[in-house]
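Everything on this sheet refers to the single structure shown next.
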């Protein structure tokens, strides 16, 4: 990576800033009370199922397996396949699933390694639900999204009403697309290591982990800019210089006349995007760009330091989540669908007003 070689201007205050904290990310429904409660008391309390972008055709050079796992990460599944003789780079997955959950996902291996699927079937905590074939290796991002069913235990007495009120408000305002704590590591500090990478300082791990740390810094910048929009009333609108995305087609365009586009933003037809800087994504112009530049300057960063990344634009709001609420003894069952790259913890924080999956050394670390 072609990094800056001067020492990163990291002081204690800046390190604190770059550590993930829910308190820094204002809820969109701060005006509504939460349900309280806790998640992940048991693996079955957090159920996630992939919605694939396509299904295997039944023929081709790659064997696909639909797998259900409990108490394992996706990397654990990959390790089983590697131990069974599959080269690591030949294994395909569409997304990474949490350890503390019951989850379902597809994996792929070359047909020459198809016998390794039997090793998966024998692994504790794994069930192979379906095997088929397809022409290509499964790749990261080859999915539409995920369907979640989450049990929230120990909620307040009127939790159902509160949950429905929050979800109704989010249906009108859009759900915030904050990047959740998983991206920032057990101690919420991955963005700090990403900052050091940009300045050429030594951090643990190889090239892949260094890229992940920079991605965490990109995500931190996104969260900070989105939180600023929530605080100052720009969340449900667009401003000059924004690149807005159409929710129906995914098309993106630059906002020149914010007043002209305001009705579409309020109606959730479009939402602003925020840049994840890279060679193909530069800062926004006009009012949107001023906010971005002010944040970079406060941190002692320049967008050019991300030029080894490809870059992208991440939408600020989520719509059409197909939510459901039901009551169980002592618990709520919440169902919703999220597009790929979005975090269930963000929506759960809006509902519960609890610091869901908060990193270990953050205040209130037992809340999650």
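Okay, here's what the table says:
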{"read-out": "Convex hull volume of the chain per residue (C-alpha atoms, cubic angstrom)", "value": "145 Å³"}
{"read-out": "Stretchable slack from residue 88 to residue 340, in nm (0.36 nm times residue separation minus alpha-carbon distance)", "value": "88.4 nm"}
{"read-out": "Cα shape, region 144-261, gyration tensor, a/c 1.5 rule", "value": "oblate"}
{"read-out": "For region 56-77 and region 184-211, distance of Cα centres in Å", "value": "30 Å"}
{"read-out": "Inter-label distance for residue 24 and residue 327, nm, one decimal - labels placed 7 Å from Cα along Cα-to-Cβ", "value": "3.9 nm"}
{"read-out": "Residues residue 168 and residue 211, FRET efficiency given R0 of 35 Å [Cβ-Cβ distance, rounded to 0.05]", "value": "0.30"}
{"read-out": "Normalised contact order of region 231-356, rounded percent, pairs of Cα under 8 Å and 6 or more residues apart", "value": "20 percent"}
{"read-out": "Difference of contour (0.36 nm per residue) and Cα-Cα distance, residue 157 to residue 75", "value": "25.6 nm"}
{"read-out": "Residue 298 paired with residue 129, simple spin-label distance in nm, labels 7 Å along Cα-to-beta-carbon", "value": "4.3 nm"}
{"read-out": "Rounded to 5, the percent of DSSP beta bridges in the chain classed as antiparallel", "value": "95 percent"}
{"read-out": "Exposure proxy ranking, count of Cβ atoms within 10 Å, fewest first, for 19, 249, 35", "value": "249, 19, 35"}
{"read-out": "Label-point gap, in nm, between residue 202 and residue 282 - each point 7 angstrom along Cα→Cβ", "value": "3.7 nm"}
{"read-out": "Cα gyration tensor category, rounded, prolate or oblate, for region 54-140 with a/c compared to 1.5", "value": "prolate"}
{"read-out": "Pairwise centroid distance, computed over Cα atoms, of region 294-347 with region 215-241, Å", "value": "11 Å"}
{"read-out": "Shape category assigned to region 1-128 from the gyration tensor of Cα positions, a/c cut at 1.5", "value": "oblate"}
{"read-out": "Relative contact order [Cα under 8 Å, 6+ residues apart], region 54-140, whole percent", "value": "50 percent"}
{"read-out": "Ordering of 334-344, 255-265 by packing [mean C-beta count within 10 Å, highest first]", "value": "334-344, 255-265"}
{"read-out": "Difference of contour (0.36 nm per residue) and Cα-Cα distance, residue 256 to residue 144", "value": "37.2 nm"}
{"read-out": "The chain, relative contact order [Cα under 8 Å, separation at least 6], %", "value": "24 percent"}
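Values quoted throughout were computed directly from the atomic coordinates according to the rules given, and no laboratory measurement underlies them. Just so it is clear, the structure is predicted and the values come from calculations on it, not from any experiment. Cβ coordinates were reconstructed from backbone atoms using ideal geometry, including for glycine residues, and neighbour counts include every protein chain displayed.
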